[in-house]
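Structure first, commentary second.
The values are calculated or read from the model by the stated rules, or taken from the named source; none is laboratory data. Model, not experiment: these values are computed from the prediction. FYI the Cβ positions are ideal-geometry reconstructions off the backbone, even for glycines, and counts take in every protein chain you see.
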Number of protein chains: 2
Amino acid sequence: MSKRESGSCQVAPLVAQPLSLEAAVEMAAKFKALSDPVRLQLLSLVASHAGGEACVCDISAGVEVSQPTVSHHLKVLRDAGLLTSQRRASWVYYAVVPEALAALSGLLNGADVVGVSA
Amino acid sequence: MSKRESGSCQVAPLVAQPLSLEAAVEMAAKFKALSDPVRLQLLSLVASHAGGEACVCDISAGVEVSQPTVSHHLKVLRDAGLLTSQRRASWVYYAVVPEALAALSGLLNGADVVGVSA
């Protein structure tokens, strides 16, 4: 049985060891989802919303794009494994995937312990 | 005198509060530089190299692309404020910008403290 948990990839910090190509492909896809300012704002609106989840109705007011565009961006974040979605009545609710954000954060963490003479 | 430190932007975690558009634009540009698997591998090769710095000659063997392509990717990372560069003799040495990686890590950090019922 293959264990495949979206976003739960355990990767050592960049400063600790060179990243394998396989891990780099997986992480780069997640960073790509974060490479759009509006998507980043939407992710923060979901993440900081009460209970760590929100529907389009909750967060559309926080960004200056149309509701269909919000929905599109949320789907990109979901497809990248950064959000999960759940339909309730007529709305889709999105929640952050803590393990996915923690994996990305951990990958970039620890850089401040490296002695750099820039 | 304007104080301008590349990548030293202090941004609260995504889970703490919605990201401003200004901060989102800055952070998204850095994530875009990380959205390519080879660039991510190169950043890890520089970051994990002895002393936290490396020249193209040190890291080209770690990836399956040509040396000019390596140089191009390193410049993209430098332009995004994730690496600094310094010419010494005939080689350019690249070093990580710890504050920039720490800012991105901090932005994505703390997601695991949010109660999510996925």
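Give me the residue from region B:43-60 that is within 20 Å of residue B:31 (Cβ to Cβ) and without any contact (Cβ under 8 Å) to a residue 40 or more places away in the chain and, out of that set, surrounded by the fewest Cβ atoms within 10 Å (Cβ to Cβ).
We begin by selecting, within region B:43-60, every residue within 20 Å of residue B:31 (Cβ to Cβ); these are B:43-47.
Among the residues that remain, those that are also without any contact (Cβ under 8 Å) to a residue 40 or more places away in the chain are: B:44-45.
Numbers: B:44: 27, B:45: 23.
Only one residue fits best here, namely B:45.
For a quick check of your reading of the model, give me the residue pairs whose first member lies in region B:83-94 and is over 11 Å from residue B:57 (Cβ atoms), whose second is among the hydrophobic types (A, V, I, L, M, F, W, C) and assigned to a loop (DSSP other than H, G, I, E, B), with beta-carbon atoms closer than 9 Å and at least 6 apart or on different chains.
Sorted first by the residue in region B:83-94, then by its partner, the pairs are B:83/B:97; B:84/A:116; B:84/A:118; B:84/B:97; B:86/A:118.
Within region B:87-95, is there a residue that is buried (at least 20 other Cβ atoms within 10 Å of the Cβ) and either touching a helix residue (DSSP H, G or I) at 6+ places or on another chain (Cβ under 7 Å) or at pLDDT below 90 (or both)?
yes
Being in contact with a Cys (Cβ under 7 Å, 6 or more places away or on another chain) and β-branched (Val, Ile, Thr) is the filter here, so list the residues in region B:55-96 that pass it.
B:92
Which one of these does residue B:39 not meet: (1) modelled with pLDDT under 95; (2) within 20 Å of residue A:16 (Cα to Cα)?
(1)
Take the residues of region A:13-36 that are free of Cβ contacts under 8 Å to residues at least 24 places away in the same chain and either more than 7 Å from chain B (Cβ to nearest Cβ) or of a type in the set (S, T, N, Q) (or both): which is nearest to residue B:22 (Cα to Cα)?
Filtering region A:13-36 for residues that are free of Cβ contacts under 8 Å to residues at least 24 places away in the same chain and either more than 7 Å from chain B (Cβ to nearest Cβ) or of a type in the set (S, T, N, Q) (or both), the one nearest to residue B:22 (Cα to Cα) comes out as A:35.
For region B:42-52, how many residues are facing chain A (nearest Cβ under 7 Å), modelled with pLDDT of 90 or more and in contact with a strand residue (DSSP E or B) (Cβ under 8 Å, 6 or more places away or on another chain)?
Qualifying residue count, region B:42-52: 3.
Let me confirm something: among B:76, B:63, which residue is in contact (Cβ under 8 Å) with a residue 24 or more places away in the chain and either surrounded by 23 or more Cβ atoms within 10 Å (Cβ to Cβ) or within 11 Å of chain A (Cβ to nearest Cβ) (or both)? I'd like the intermediate steps shown before the answer.
Values: B:76 fails: either surrounded by 23 or more Cβ atoms within 10 Å (Cβ to Cβ) or within 11 Å of chain A (Cβ to nearest Cβ) (or both).
Of the residues listed, the single one that is in contact (Cβ under 8 Å) with a residue 24 or more places away in the chain and either surrounded by 23 or more Cβ atoms within 10 Å (Cβ to Cβ) or within 11 Å of chain A (Cβ to nearest Cβ) (or both) is B:63.
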